[in-house]
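S.K.: Structure incoming, see below.
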Amino acid sequence: MTAKNSDELQGKVDCYCRHGGESGLELGGEFATLLIRNMHNHSAILKAVFEGYALPPLGEHGIHHWARVFENGLTIAESNGADIEVVALFALFHDSRRVNECIDDGHGLRGALFAESLRGKLVHLDDARFDLLFEACKFHTDGLVVGDPTLQACWDADRLDLGRVGIKPSRQRLCTDAARDLLDWAHDRAVCWYETTDILSSWGWRSA
Ligand SMILES: [Fe+2]
Ligand SMILES: [Fe+2]
């Protein structure tokens, strides 16, 4: 691909992402490949999540938790090579279909099924990557520590934020050395319900 073509392609991708797939651009060839590989409209996904979200957006399992999970996961991914787009989607979907803030059996599976319902609309992953997202969501409360690096990054990212509900994660119950290295930093942020403004604004969320 020439530099000019590359710029044109990136322009299309940027346009597609800004307009949430409503730009009229056709998905095909390299454009589709780029989108499928890396590009999701996180703002549009967040909007879809909130359209059916049963709990307060700023609650214990709400948007500030999701954003910290995303940043935790991105940081782990730098070390373990996790798929950052799957990590991003995990952050948005894993608690998206909770119905209470306490023990909520099956909420991981419900989040996974919700993500599945958006395939081809807002979720553009091939089967292998979608399977990782589905599994990450479905099993995120099961205490697993062994699995694909992307699963491990997702599960650790969520566990590192337990401080918001008064729990410090055990180092032995984390999957990755990267998360163990991150534990004190992430826990301090969880305890004070740190607002990850860059991620929140990238999702189109403006704090009051
Ligand atoms: Fe959860
Ligand atoms: Fe969570």
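S.K.: Counting pairs of alpha carbon atoms under 8 Å apart in space and at least six apart in sequence, what relative contact order in percent does segment 41-202 give? Present the calculation step by step, with values, prior to reporting the outcome.
M.R.: On the way: 241 pairs, mean separation 44.9, N = 162.
RCO, segment 41-202: 28 percent.
S.K.: Using a ≥ b ≥ c from the Cα gyration tensor of segment 99-208 (square roots of the eigenvalues), is it rounded, prolate or oblate, where a/c under 1.5 gives rounded and otherwise the larger of a/b and b/c decides, a/b for prolate?
M.R.: Oblate, since a/c reaches 1.5 and b/c is not below a/b.
S.K.: Between L113 and E51, what is the spin-label point distance in nm, taking each point 7 Å from the Cα along the Cα→C-beta axis?
M.R.: 1.9 nm
S.K.: For each of K47, K138, count neighbouring Cβ atoms within 10 Å of the residue's Cβ, then give the residues from fewest to most. All intermediate terms of the calculation are to be shown ahead of the outcome.
M.R.: Working: K47 15, K138 18.
Ranked by crowding around the Cβ, least crowded first: K47, K138.
S.K.: Rounded, prolate or oblate: which one fits segment 70-137, using the alpha carbon gyration tensor with axes a ≥ b ≥ c (rounded when a/c is under 1.5, else prolate when a/b beats b/c, else oblate)?
M.R.: Cα axes put segment 70-137 in the oblate bin.
S.K.: How far, in nm, would the chain grow between W185 and V145 when pulled straight, counting 0.36 nm per residue and subtracting the alpha carbon separation?
M.R.: Extra length from W185 to V145 when fully extended: 12.3 nm.
S.K.: Calculate, in nm to one decimal, what K168 and S207 gain on full extension: separation in residues at 0.36 nm each, minus their alpha carbon distance.
M.R.: That pair, K168 and S207, stretches by 11.4 nm at full extension.
S.K.: Which order results if W205, W66 are arranged by neighbouring Cβ count within 10 Å, fewest first?
M.R.: So the residues, fewest neighbours to most, are W205, W66.
S.K.: So if R0 is 22 Å, what FRET efficiency would E195 and E78 give, r being the distance between their Cβ atoms, rounded to the nearest 0.05?
M.R.: 0.50
S.K.: With θ set to phi - 60° and the Karplus curve 6.51 cos²θ - 1.76 cosθ + 1.60, what are the ³J(HN,Hα) couplings of segment 166-175 in order, to the nearest whole Hz, using x for Gly and Pro?
M.R.: My calculation for segment 166-175 gives x, 10, 9, x, 6, 4, 5, 9, 8, 8 Hz in order.
S.K.: OK, next. Among I63, I45, which comes first, then next, by fewest other beta-carbon atoms within 10 Å?
M.R.: If I rank by nearby Cβ atoms, fewest first, I get I45, I63.
Values in this text are rule-based calculations from the coordinates and carry no lab data. Here the structure is a predicted model, which means the values were calculated and not measured. Heads up, the Cβs are rebuilt from the backbone with ideal geometry, glycines too, and the neighbour counts pull from every protein chain shown.
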